[in-house]
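The values are calculated or read from the model by the stated rules, or taken from the named source; none is laboratory data. This structure is a prediction, so every number in the text was calculated from the model and none was measured. So basically every Cβ, Gly included, is an ideal-geometry build from the backbone, and we count neighbours across all protein chains shown. Accessible surface is based on the protein model in full, side chains and every heavy atom, while ligands, DNA and RNA are left aside. Shrake-Rupley method; radii C 1.70, N 1.55, O 1.52, S 1.80 Å.
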Amino acid sequence: MNILTFNELYRKYADDVHRFAFWLCGDADTADDITMETFERVWLSDTEIRVETVKAYLLKIARNRFLQHRRSQNKKAPLSETIVDGAVLPDKNLELQLDVQLVLEAMQRLPEIDRTVLLLRAEEGLPYEEIARLTGLGISNVKVKVFRARAKLSNDLNNVKGKSQ
């Protein structure tokens, strides 16, 4: 069995944890906090992490931290309607930035569990079996949730783009 040092673990997985947290919560500062808390929990843990399951383990901690953050807020904070940037952006960068904002807003409209399974499958590439184990759902339920989340996300984005044209 291969064991990673904490520094190796952080260097290898911090970006993945942060990206996952960001797509869950929609806020870079909260994603920073979740990432920090995830690795703090690993640092303070006295159990060894097997290399084969480390990414899934970290993402599960990050999801639990996200859920705890959400519970600690009495209400959901709305997403910012504008992208704040002092620099003048070329049209292409502005268009790309607006597309990312639309996707982020559409992701936030998905129920948390649907957002989680979709991110674990599409962004992190985890197999359905691992997602089922992490979320406590059945494999067939995970497959249905991923399919429906993709369909809803696609539908929402098509509706938004149709309205803006």
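Okay, residues lined up against (1) part of a helix (DSSP H, G or I); (2) exposed (fewer than 12 other Cβ atoms within 10 Å of the Cβ); (3) modelled with pLDDT of 80 or more:
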position	(1), (2), (3)
Asp85	no, yes, no
Glu95	yes, yes, no
Glu105	yes, no, yes
Ala122	yes, no, yes
Ile131	yes, no, yes
Phe147	yes, no, yes
Of (1) open to solvent by less than 40 Å² (accessible area, probe 1.4 Å); (2) at pLDDT below 90, Ala21 fails just (2)
Among the numbered criteria (1) surrounded by 11 or more Cβ atoms within 10 Å (Cβ to Cβ); (2) at pLDDT 90 or above; (3) closer than 19 Å to Phe20 by Cβ, which single criterion is violated by Gly136?
(1)
Here are some conditions: (1) over 23 Å from Gly136 (Cα atoms); (2) free of Cβ contacts under 8 Å to residues at least 12 places away in the same chain; (3) polar (S, T, N, Q). Thr30 meets all but one. Which one does it not meet?
(2)
